[in-house]
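Enquirer: Okay, handing you the structure first.
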Amino acid sequence: MWPESLVRELIEKRCVIRVGSGMSCQATDQDGNRPPSWPALLESLRTTTLHDDASLQLTAEFIADKRYLDAAEIIRLKGRSADFNAKIKSTFIQRDYQVSDAHKLLVSIAPKILVTTNYDTIIEGALISESGHNSFTQYEHTREGLLDALRSPTPILIKMHGCAKHPTEIVLCRSDYFKLRKKYGSFFELISAVYKLNTVLFIGCGIEDPDINLILENNQVQADTNHPSYAMVGSMSYAAKVKDTVKSQYNIDLIIYEQAHADDHSKFSQKLTELADQVELARKKFGLPS
């Protein structure tokens, strides 16, 4: 069972859902291929964009050591931009990933605000399929007007790291992130405020992601609260192994689905189905529209 307080916050539009790559990995293209994991994407970009032996070797070592941000930094600085842009588009746009059952469940829960770091357009496809092209407003860091949108009743999709349709503007590495925080400071201040004022449900996210760490740490220091946020994670995930630390450091309660091994996400959609069912029952109980 999911916490009743979280379900109530979802139906009352007081919960933001933050979606990570674990959600995208539920989808497949027509040949059954899934979007790449973070290390798989970096390996693909490494072999496609880098052309000097030293950079190729060093980046391979960083990926093997799970120093993914360091590998991304080299790819961004040393890689050929034309090759980079083409690879991002071919990986996330031209593959034409189909909307998964998990994505359909996500949009049926119907939060006011969805935030994602994913480059693909699968969530957009799910929202359009559910309610039409004009049913939501999409924002990236380069677009103005987010504050007005937050005050409106229209659902919002915020793409924190940009979209693969515009590969030159995506966030890949540390320097990208901090340059954008400097250039588009008001955008990131609004995101931080949204996290402070709402419960956040993380789905398919690594709690160790650096941008999540930064926002959560800042918010916990600036606005201490006993009211938790939540994260849906696998039983073999890093977060599940340090559950008590996640709770004490970030005030996040974990909702755990069972895994046979670290790459087993067969129970992901089942856990999301439980939440969608509870949300629908709560809407009926309180007379709210689906």
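Computed from the coordinates by the stated procedures, all read-outs in this text should not be read as laboratory data. Computed from a predicted model, the values in this text were never measured in an experiment. FYI the Cβ positions are ideal-geometry reconstructions off the backbone, even for glycines, and counts take in every protein chain you see.
Enquirer: Which whole-Hz couplings ³J(HN,Hα) result when phi for each residue of the range 99-114 is put into the Karplus expression 6.51 cos²θ - 1.76 cosθ + 1.60, θ = phi - 60°, listed in order with x for Gly and Pro?
Expert: So the J values, rounded to whole Hz, are 5, 8, 4, 5, 5, 4, 5, 4, 6, 5, 5, 6, x, 5, 10, 10.
Enquirer: I'd like the distance separating the alpha-carbon centroids of the range 240-261 and the range 8-53, in whole Å.
Expert: Here the answer is 21 Å between Cα centres.
Enquirer: If one computes P(r) from the Cα atoms of the chain, what percent of pairs lie at distances over 33 Å?
Expert: 21
Enquirer: Projected onto the charge dipole of the chain (+1 at Lys/Arg Cβ, -1 at Asp/Glu Cβ, origin at the Cα centre), which of GLY132, LEU45, GLY234 gives the Cα projection farthest towards the positive end?
Expert: It is GLY132.
Enquirer: Can you put ILE203, ILE74 in order of Cβ neighbours within 10 angstrom, beginning with the fewest?
Expert: ILE74, ILE203
Enquirer: Oh, and also: Quick one: Karplus J couplings for the range 50-62, per residue in order, coefficients 6.51, -1.76, 1.60, θ = phi - 60°, nearest Hz, x for Gly and Pro?
Expert: Each residue's phi maps through the Karplus curve to give 8, 9, 10, 4, 4, 5, 4, 5, 5, 5, 4, 5, 4 Hz.
Enquirer: Right, next: With equal scatterers on the alpha carbons only and no solvent term, can you work out the Debye log10 of I(q)/I(0) for the range 38-92 at 0.22, 0.27 1/Å?
Expert: Cα-only, vacuum Debye calculation for the range 38-92: -0.72, -1.06.
Enquirer: Mind listing the long-range amide H neighbours of ILE255? Cut-off is under 5 Å, sequence gap 5 or more, other chains count too, H placed in the peptide plane at 1.01 Å from N.
Expert: Under 5 Å from the amide H of ILE255 lie the amide H atoms of ALA231, MET232, VAL233, each far enough along the sequence or on another chain.
Enquirer: Averaging sequence separations of C-alpha pairs under 8 Å and six or more residues apart, then dividing by the length of the chain, give the relative contact order as a whole percent.
Expert: 23
Enquirer: Please give the charge dipole size of the range 103-144, origin at the Cα centre, charges +1 on K and R Cβ atoms and -1 on D and E Cβ atoms. Round to the nearest 20 debye.
Expert: In debye, rounded to 20, the range 103-144 gives about 140.
Enquirer: Still on this structure, I have one more. Rounding to the nearest 20 debye, state how big the charge dipole of the chain is about its Cα centre with +1 on each Lys and Arg Cβ and -1 on each Asp and Glu Cβ.
Expert: 640
Enquirer: Charges on Cβ only, +1 for Lys and Arg, -1 for Asp and Glu, centred on the Cα centroid of the range 38-92; of PHE92, TYR68, GLN57, which one is farthest towards the dipole's positive end?
Expert: Ranked along the dipole, the leading option is PHE92.
Enquirer: Against the globular-protein guess of 2.2 N^0.38 Å, express the Cα radius of gyration of the range 1-153 as a ratio, rounded to two decimals.
Expert: Rounded to two decimals, the normalised Rg is 1.23.
Enquirer: Where nothing but the Cβ of Lys and Arg (+1) and of Asp and Glu (-1) is charged, how large is the charge dipole of the range 38-92 around its Cα centre, in debye to the nearest 20?
Expert: 260
Enquirer: Could you please state, rounded to a whole Å, how far the C-alpha centre of the range 57-93 is from the C-alpha centre of the range 137-153?
Expert: Taking the Cα centre of each part, the range 57-93 and the range 137-153 sit 30 Å apart.
Enquirer: Taking H placed 1.01 Å from N in the peptide plane, check which residues at least 5 places from TYR139 or on another chain put their amide H under 5 Å from its amide H.
Expert: LEU157, ILE158, LYS159
Enquirer: Same structure, new question: Report the relative contact order of the range 38-92, percent, no decimals, based on alpha-carbon pairs under 8 angstrom and at least 6 residues apart.
Expert: Contact order relative to length: 42 percent.
Enquirer: Counting other Cβ atoms within 10 Å of each Cβ, which trypsin sites (Lys or Arg not before Pro) in the range 79-140 have at most 14 and sit in a DSSP loop?
Expert: Of the trypsin sites (Lys or Arg not before Pro), the ones in loops of the range 79-140 whose Cβ has at most 14 other Cβ atoms within 10 Å are ARG80.
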